[in-house]
Structures are given as structure tokens and as C-alpha cells.
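Here is the structure we will look at, set down as C-alpha cells.
The values are calculated or read from the model by the stated rules, or taken from the named source; none is laboratory data. The structure presented is a predicted model; accordingly, all values stated were derived computationally and were not measured. Note: ideal-geometry Cβ built from the backbone for every residue, glycine included; neighbour counts use all protein chains shown.
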Amino acid sequence: MRVIIIGAGFGGLCLANGLLQRHRSDDDDMNMDIQVFERHSGPDHDLAGYGLHVDGDGKKALRHCLDGDTYRRFLAASTPAGSKWAFRGTRDLGTIAVRDDSKISGKPEEEVERRAVHRFEFRDILLKGLRKQGDEAAIGVKVQVHWGKSFVRYEEISRADANANGNEFVNGSVRAYFQDGTSAEGDILVGADGSKSLVRQQRFPDLKREDLGIAIICGRYQLTPDRVKKLPDFMTDGSLNNIVPRGKGWLFLASFPHTEFENVRESYTLWAYVVPKGDVDMNTIKQMTPEKMRDLVLDGVKGWKSTEFGLGRVIKDVDLTTISPIILKSMPVLPKDWNGSSKVVLLGDSIHNMTPMAGVGANVALRDAHLLTDTLVEVQNGKTNMTEAITKYEVEMKGYANAAVALSRQIAQGASSTSTVQRWAFHGLLRLAQACPLVMRHTIGRGALED
Ligand SMILES: Cc1cc2nc3c(=O)[nH]c(=O)nc-3n(C[C@H](O)[C@H](O)[C@H](O)COP(=O)(O)OP(=O)(O)OC[C@H]3O[C@@H](n4cnc5c(N)ncnc54)[C@H](O)[C@@H]3O)c2cc1C
């Protein structure tokens, strides 16, 4: 089977690792050809942005798709972030409620604990997993990552043409075309090309991301041993925190500590301020200088009595080169009808790009990669045909992806709300959830129960 993957992001690379790994552990000679095409010029391309939290689903997918050494490298390169999300007030930054995913789901802490990882490091680990290819020939799998290949469009090729090429897996094949004039043919094309996916735009032209009219401003405060001593533990220990005033505004805060792993160069506390809806319009935010964005955040937290607990410092002394606005967009809930293509399939942000507010976009992409790995291996082993297998993948993926998209959108809307009544009600809910496990499970703990 010839598999073309567009995009060497977390989802695409996890899938490539998964296909390679499943073949390593299978006795049959698999004869699979996996080609990954990435627009970045090479593996050293700087991955802009902020660190990621990999949760229980993400770890399960990685354990399934990576070989043992590569998974251990992931553990070594990441730091524990616990299984809790704290909701804190602005008076003294004390906790109002703590969502503990281990307690809610009944799963052991080590299973659901999140790991904080730097993006560049994570991608590097996934790439190195593919480079351990000494045993490729023996298991009949070929994997290659092609850099500097910008996908532009695909073309489905009819059954007759494909059969002439000796294709025995699917009803036809698919050809991907790249900006440099080259092309590649496969039995299946996987769009793992992120939120602005050109694969999605061709396959589902009517399925468009929606602008939510909400902005967040993110920044990194570099941590030094001296700075760490002066801050409360929760700002430096990797835990996940939401600071929620009774009035408008919302601040997410988590640190990405340094590990001894080879490439990680820095420790920082990441903060993300949700700009109250209607306070500043989106175009104005996009044109602001880093200083202006920092001042907007400082202004937003001015009334919070907590600024003496180090919060003001973390914002005021932010590394200005890291400050940036993110205008929130989200895919709609995915449609029931998929037109049943067996040759072009999507995973990750390309099909369910969501706001970062639930912290699960990459985790859902990894879960897709896990599911699609097993799906394609079943087809390869002759246990099912491609059309049935892809339909099954899409139905299952839609179930959990739709839940995550809806949750992240709901959190974004709540966090940007300027309604005092709504905010007071939310504080009431937090207190109730903290006191009553059943309320916790069905409100702020909802994401922890989805499986
Ligand atoms: C501030 C912020 C914080 C976040 N925090 C978290 C978190 O803690 N946990 C979490 O789970 N998620 C988080 N996310 C979401 C997460 O970053 C994404 O959901 C995740 O990166 C999606 O993975 P992916 O593989 O689908 O896409 P990507 O990682 O975007 O990879 C897509 C790849 O495709 C390539 N590509 C694009 N177009 C083409 C083309 N035409 N041709 C060839 N290649 C192409 C890109 O260069 C890229 O390498 C966060 C997002 C933001 C913005």
C-alpha cells in the first residue's frame, strides 16, 4: 500500500511512526510505502508558538505508535504537569475549584497525567523515530519525509488507470501535486496539513473555519533560578491554572520547565489572556506592537488584587519577542455526510481545528493518528476493504472530535464573556463543583470523562 501524508506535524508524523511501528511488531511482510510531504524547508525549521500539554489520550496514542525507545525519549524530553486544572480567584490567587482528571475518570494519575513538551523537541522526537529505519527492508516498509514540498491539489485516478499500475488495495489511486511542479501517487492520501488545510479545502469546499470574534494574547516569561524563587509555586511547577475574575477577563497560566534533554534550551511561564469580547476589535489587536499588547493585558488585570503575588511581574517583564495575538477560529461541528471518499482522508487540525482553550487539539490529532494507523493496517492485512475502513474511521473520529470542538468553543465563549451575571454564576458553579463531585463530573470535569 502506498500512503501519502501531507504535513509533518504532530498528527502526520505520529501516523507515519504508527504505520512503521505496527509493521515492526507484526510477523507478516507488509510491503508498505509511506511518503510524508512537508512545506517547511527542513527539520530545523523553527516551530513558532508555545509548548504543548500532551494528555492521557495523547500519551496512549504515542505509546501505541512509537517504538519503546522513542516513547522513552518523549518522556525524557517532557515534564509532568499533573492531572489537575486549577481555577483561581483574583483576590489572593487561591483556588476556587480544582478539576482532577484522575479523580473524575477513576484512572490512575500516571495514566491521565499531562506532559509539557516544547514543540520543536516533540517534532524532532517524532522525526527521529522514523529515522530508526535499519529494519525497514526486513519488514517491507519504506518511510521517507520530503521537505520543501508544498501541496497544492490532488487528483483521484480511476480504477482502470490504477489497475494498470498493479494496484490491488483500493478502487483507484490518488495523485498529489506540489508547488515545485512535482507530483506523487499513492493508494491513499492523508491530509494532515493543519488548520488551513488545502486537502480539506478541496475535499470539503463548503466546510469552513468560523471566526469566533475572540482574541487571546499570549506571552512567555523566561524563568531563571532567581525569578523562580520569587514566584508562587503554581507559576513555575508546570501545573495548569485559570485565573478567573468575577468581572471580565480570564488568564491561563502554566510553566514549561527545563529538562536535561539535549535540545531544550529554556524554561518559561506561558500566559494567555482572553481579551473580553468587544473591548478591542480584532483588526486593531492584529496591528498592535508587542508593547501595546502587553499594556492591554496589564490594564486588563489592573483591578485584580493579586498583582502583588507576582502576576504583574510575569506580565510586565514578558519576553516581548514572544508576545503574540491569536484570533480564535474553529471548525463547525462536522457534518454527518462525508461523500464517502476512500482515497482522501483527513486528520488533526485539518478537519477539526479548534480553539486552544481546552488544550486538546494536538491530543485529538494524535488520537486520530492512533485510530488511522489501526485502520490502514487492517486494510493492508485484508481484514476489511478501504472504503469500509475509512468510513468507520471517520464515524469514530467525528464522535470524539465534535465533543472536543464544542467544549473548546464553549470555554472560549465563557472566558471572553463580559456579562457580570454570567461570571458570578460561573463562580457559583465552580464552588458547587468543588463541593459536589457529581456536579464536577458533569460541568467543568466533562472533558475528563470522554473516552
Ligand atoms: C497557543 C496554543 C496552545 C496550544 N496548546 C495545546 C495543548 O496544550 N495541547 C494540545 O493538545 N493542543 C494545543 N494546541 C493545539 C495544537 O497546536 C494543534 O491542535 C496541533 O498542532 C495540530 O496538529 P496537526 O498535526 O493536526 O497540525 P500541525 O501541527 O499544524 O501540522 C501541520 C503540518 O502541515 C504542514 N503543512 C501545512 N500546509 C501544508 C502544505 N500545503 N503542504 C505541505 N505541508 C503543509 C505544516 O507546515 C505543519 O508542519 C495549542 C494551540 C495554540 C495556538
> When only residues in region 320-358 that are over 19 Å from the mean Cα position of the chain (by Cα) and closer than 14 Å to GLY49 by Cβ count, which is farthest from the ligand (Cβ to nearest atom)?
Replying inline: THR321
> Quick check: anything in region 184-197 away from the ligand (no atom under 13 Å from the Cβ) and either in a loop (DSSP other than H, G, I, E, B) or surrounded by fewer than 16 Cβ atoms within 10 Å (Cβ to Cβ) (or both)?
Replying inline: yes
>> Among the residues of region 135-142, are any acidic (Asp, Glu), at pLDDT 90 or above and either farther than 19 Å from ILE411 by Cα or not assigned by TED's automatic domain parsing to the domain that holds VAL54 (or both)?
In response: no
> Looking at ARG153, ARG200, which one is under 30 Å from ALA415 (Cβ atoms) and modelled with pLDDT of 90 or more?
Replying inline: ARG200
> In region 87-111, what residues are more than 25 Å from SER267 (Cβ to Cβ) and either part of a helix (DSSP H, G or I) or in the same structural domain as LEU19 (by TED's automatic domain parsing) (or both)?
Replying inline: SER102, LYS103, ILE104, SER105, GLU111
> What is the number of the single condition among (1) modelled with pLDDT of 90 or more; (2) hydroxyl-bearing (Ser, Thr, Tyr); (3) over 26 Å from GLU113 (Cβ atoms) that THR373 does not meet?
Replying inline: (3)
> Do the conditions hold for VAL364, that is, is it within 16 Å of the ligand (Cβ to nearest atom), in the same structural domain as VAL54 (by TED's automatic domain parsing) and touching a residue at least 60 places away in the same chain (Cβ under 8 Å)?
Replying inline: yes
>> Out of the residues in region 28-86 meeting the condition of being among the aromatic types (Phe, Trp, Tyr) and over 20 Å from HIS370 (Cα atoms), tell me which one is surrounded by the fewest Cβ atoms within 10 Å (Cβ to Cβ).
In response: TYR50
>> If I ask for residues that are without any contact (Cβ under 8 Å) to a residue 24 or more places away in the chain and closer than 30 Å to ALA76 by Cα, which ones from region 261-310 would you list?
In response: GLU262, ARG265
> Would you say PRO332 is assigned to a strand (DSSP E or B) and of a type outside the set (S, T, N, Q)?
Replying inline: no
> Looking only at region 289-309, which residues are in a loop (DSSP other than H, G, I, E, B) and surrounded by 18 or more Cβ atoms within 10 Å (Cβ to Cβ)?
Replying inline: VAL301, TRP304
> Got a sec? Which of THR375, THR384 is buried (at least 21 other Cβ atoms within 10 Å of the Cβ), more than 8 Å from the ligand (Cβ to nearest atom) and either without any contact (Cβ under 8 Å) to a residue 24 or more places away in the chain or not assigned by TED's automatic domain parsing to the domain that holds GLY58 (or both)?
Replying inline: THR375
>> Every residue in region 37-86 that is within 11 Å of the ligand (Cβ to nearest atom), in a strand (DSSP E or B) and touching a Gly at 6+ places or on another chain (Cβ under 6 Å), please.
In response: HIS53, ALA81
